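Read through the structure below, which is laid out as structure tokens, and then see the notes.
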Amino acid sequence: MSELSDDKPGEYTVNVSLLSKTMVAFRYKVHVDETNLASHAPLLLKPAWRPQGEKLGVVIEYKLNPAFSTSSVTLHNLVLIATYEGAKAAGCQTKPTGTHLKEKSLIYWRLGDVQLDGTMQKVVGRLIGAEGGEPNPGLIEARWEISSLAGRAFGSGLGVSRLDSSGKGKEKVDSSDPFADDSVTSSSGNWVEVESLRKIVSGKYDAKQVDVSA
């Protein structure tokens, strides 16, 4: 991929003959309104730890964040992770079935594709400290993928278009762009939007502990 010219920023030529697999063309950082972060977060987490001496329980409740959407949303490859500190755990019980990585002091649940709505769902874990040691609460994390929703712009809202010189393509017009250059739809051709699948990948939350007495 190479930039077309200095006087045409944002226009690139792509040599597709060199593509043998899916490759990353651009990386960018999205700047969001920090006063309205909740609207970008599809998942609402409510973690609770229950320390009982050498035993440590954890309950992670989760549901759709109503600030993100009022309609149900599907998260793909959802993983919930509970880390703990202090003593290593000799045993672990989970519901639904999770995985305990003793050497990394964490439990994780691979939940797959999960449809979120206003109904609270949960996972439960219980740790038993080795040799009478006491595991202590740590962080809760969530990771997922989410595909674009109809009528909703993800990330920066950037799109990809191709220059169609045949004149058969439907011209892409963005009347909301005050910086649009009318010259790009001259005799050189029309810009046609490229059909694409948009995803937010590897979303991650860190939740601080909430202790609940036995």
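Being modelled with pLDDT of 80 or more and either surrounded by 12 or more Cβ atoms within 10 Å (Cβ to Cβ) or more than 30 Å from Ser69 (Cα to Cα) (or both) is the requirement here; does Leu163 meet it?
Details: modelled with pLDDT of 80 or more: no; either surrounded by 12 or more Cβ atoms within 10 Å (Cβ to Cβ) or more than 30 Å from Ser69 (Cα to Cα) (or both): yes.
The answer is no for Leu163.
Give the residue that is modelled with the highest pLDDT, with candidates limited to residues of the stretch 53-89 that are among the polar types (S, T, N, Q) and either closer than 9 Å to Leu127 by Cβ or not in a loop (DSSP other than H, G, I, E, B) (or both). Walk me through it before giving the result.
Of the stretch 53-89, the ones among the polar types (S, T, N, Q) are 65, 69-72, 74, 77, 83.
Retained after the next criterion (residues that are either closer than 9 Å to Leu127 by Cβ or not in a loop (DSSP other than H, G, I, E, B) (or both)): 74, 77, 83.
On the way: Thr74: 91, Asn77: 91, Thr83: 94.
Among those that are among the polar types (S, T, N, Q) and either closer than 9 Å to Leu127 by Cβ or not in a loop (DSSP other than H, G, I, E, B) (or both), it is Thr83.
If you take the residues in the stretch 90-112 that are in a strand (DSSP E or B) and modelled with pLDDT under 95, which one is surrounded by the most Cβ atoms within 10 Å (Cβ to Cβ)?
So the first thing to find is which residues in the stretch 90-112 are in a strand (DSSP E or B), and the list is 90-95, 99-101, 106-112.
Then keep just the ones that are modelled with pLDDT under 95; that gives 90-91.
Numbers: Ala90: 15, Gly91: 12.
Among them, the one singled out is Ala90.
Out of curiosity, is Gly118 exposed (fewer than 15 other Cβ atoms within 10 Å of the Cβ), outside any strand (DSSP E or B) and modelled with pLDDT of 80 or more?
Details: exposed (fewer than 15 other Cβ atoms within 10 Å of the Cβ): yes; outside any strand (DSSP E or B): yes; modelled with pLDDT of 80 or more: yes.
Judged against the criteria, Gly118 is a match.
Among the residues of the stretch 68-88, are any among the aliphatic types (A, V, I, L, M), surrounded by 13 or more Cβ atoms within 10 Å (Cβ to Cβ) and free of Cβ contacts under 8 Å to residues at least 40 places away in the same chain?
As a first pass, look at the stretch 68-88 and keep what is among the aliphatic types (A, V, I, L, M): 73, 75, 78-82, 87.
Checking the rest, the ones that are also surrounded by 13 or more Cβ atoms within 10 Å (Cβ to Cβ) come to 73, 75, 78-82, 87.
Now restrict to residues that are free of Cβ contacts under 8 Å to residues at least 40 places away in the same chain: none.
Taking every residue of the stretch 68-88 in turn, none turns out to be among the aliphatic types (A, V, I, L, M), surrounded by 13 or more Cβ atoms within 10 Å (Cβ to Cβ) and free of Cβ contacts under 8 Å to residues at least 40 places away in the same chain.
Can we say Val124 is part of a strand (DSSP E or B) and either modelled with pLDDT under 65 or over 21 Å from Phe68 (Cα atoms) (or both)? Steps first, please.
Details: part of a strand (DSSP E or B): yes; either modelled with pLDDT under 65 or over 21 Å from Phe68 (Cα atoms) (or both): yes.
When the stated conditions are applied, Val124 passes them.
Among the residues of the stretch 12-47, write down those that are within 18 Å of Ser196 (Cα to Cα) and in contact (Cβ under 8 Å) with a residue 24 or more places away in the chain.
Ala25, Tyr28
For the stretch 36-49, give me the residue count where each residue is buried (at least 16 other Cβ atoms within 10 Å of the Cβ) and either under 12 Å from Ile140 (Cβ atoms) or modelled with pLDDT of 90 or more (or both).
So the first thing to find is which residues in the stretch 36-49 are buried (at least 16 other Cβ atoms within 10 Å of the Cβ), and the list is 40, 42-45, 47-49.
Then drop every residue that is not either under 12 Å from Ile140 (Cβ atoms) or modelled with pLDDT of 90 or more (or both), which leaves 43-45, 47-49.
Qualifying residue count for the region: 6.
The values are calculated or read from the model by the stated rules, or taken from the named source; none is laboratory data. Predicted model only: the values in this text are computed from it and were never measured. With ideal geometry, Cβ positions are generated from the backbone for all residues, glycine too; neighbour counts draw on all protein chains shown.
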